[in-house]
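This report refers to the structure that appears directly beneath it.
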Amino acid sequence: MVFLSTVLATAACGSGASTSSKTSASSSATTSASPPGQVSSIAAQVPAAVKAKGTLIVAADATYAPNEFIGSDGHTVVGMDADLAAALGQVLGLKVNMVNATFDTIIPGLASGKYNLGISSFTDTKVREKTVDFVTYFVAGTSFYVKTSGGPDVTSLAGLCGHKVAAEKGTTQQADAQAQAPKCASVGKPVTLLIFNDQNAVNLALSSGRADVAMADSPVAAYQVKQSNGTFKLSGQPYGTAPYGIAIPKNSGMAQPVLAAMEHLMAKGTYMKILQKWGVQEGAISKPVINGAVN
């Protein structure tokens, strides 16, 4: 994606780890080779090549709490998506290794065969479906959040005009802000876009005053506001509700077994228990699908 001249691409989606830890963090949510939760009829659908390796390499940008972030031990990937990955692995009869990766590198990593799955709050979009397949499992919108003291009243994309806006690289929030920028410039209120490699840097830009408003998926923005101890507040209501999808390399043979495993977790009640654990049950869906993008 070509950045506008106002974009500041600095080393810094959509939660707890520094950029330097990206390649080394792994999840302790690793299941045994033949877990008690395995469902034989679903495990039988796993392609032979994946089954032979016995482990799913699952990528997540662990800066996007409560969906995925680094736990208190400083290296384990935890959160809603990490728990769902572990549960899926059990059903499929596979170990799960959660790898912390910068958000905009995950889909290319799937396409190159580096990862088996990407479970990292990906909005399922038509553009992304050109590169990977998705199994939907959640819905979320985008929220604006600002500093409680002196923050602007931003209730829509048009409200970004004239402000410094922080978003994570490769996210739908970046795309939305960039699409809005020319409209703001046309009315004499240009937007300064601050694009960062992870959500931690987005939050820092807002708290330090470098940005006027930050953008993130609605559950993540709500969590950041809650964790800020009054420093941040939500501004306006979420917009653009759309499905999250588990990203899967095309032609890998994994889309159907992942779909079946997710259906099983929903029917069993495990799915809802995980969402409730992380306080994000409002985003629950009842029927996962393959490639459910709405735009």
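The values are calculated or read from the model by the stated rules, or taken from the named source; none is laboratory data. None of these values were measured; they are calculated from a predicted model. Here the Cβ is made from the backbone with ideal geometry for all residues, glycine too, and neighbour counts use every protein chain on show.
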### Message
Among the residues in the stretch 137-153, are any modelled with pLDDT of 95 or more, assigned to a helix (DSSP H, G or I) and either of a type in the set (Asp, Glu) or more than 21 Å from the chain's Cα centre (by Cα) (or both)?
### Response
no
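State yes or no: is Ala201 under 16 Å from the mean Cα position of the chain (by Cα), at pLDDT 95 or above, within 20 Å of Val139 (Cα to Cα) and buried (at least 20 other Cβ atoms within 10 Å of the Cβ)?
no
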### Query
How many of the residues making up the stretch 108-136 are buried (at least 18 other Cβ atoms within 10 Å of the Cβ) and either under 12 Å from the mean Cα position of the chain (by Cα) or farther than 21 Å from Asp217 by Cα (or both)?
11
## Note on the structure
The number of residues in the stretch 248-273 that are over 20 Å from Ala43 (Cβ atoms) and either touching a Lys or Arg at 6+ places or on another chain (Cβ under 7 Å) or assigned to a helix (DSSP H, G or I) (or both) is 2
### Task
Quick one: which residue in Leu193, Leu110, Leu160 is in contact with a strand residue (DSSP E or B) (Cβ under 7 Å, 6 or more places away or on another chain) and closer than 30 Å to Leu265 by Cα?
Leu110
### Task
For residues that are outside any helix (DSSP H, G or I) and under 24 Å from the mean Cα position of the chain (by Cα), tally how many sit in the stretch 154-189.
11
### Summary
Going through the stretch 208-236 in order, the residues found to be over 14 Å from Val146 (Cβ atoms) and among the polar types (S, T, N, Q) are Ser218, Gln227, Asn229
### Message
Among the residues in the stretch 75-93, are any over 20 Å from Pro219 (Cα atoms), surrounded by fewer than 24 Cβ atoms within 10 Å (Cβ to Cβ), assigned by TED's automatic domain parsing to the domain that holds Ile274 and in contact with a Leu (Cβ under 8 Å, 6 or more places away or on another chain)?
### Response
no
#### Entry: Selected residue [out of contact with any Lys or Arg (no Cβ under 9 Å at 6 or more places or on another chain) and of a type in the set (A, V, I, L, M, F, W, C)] from Val191, Val202
Val202
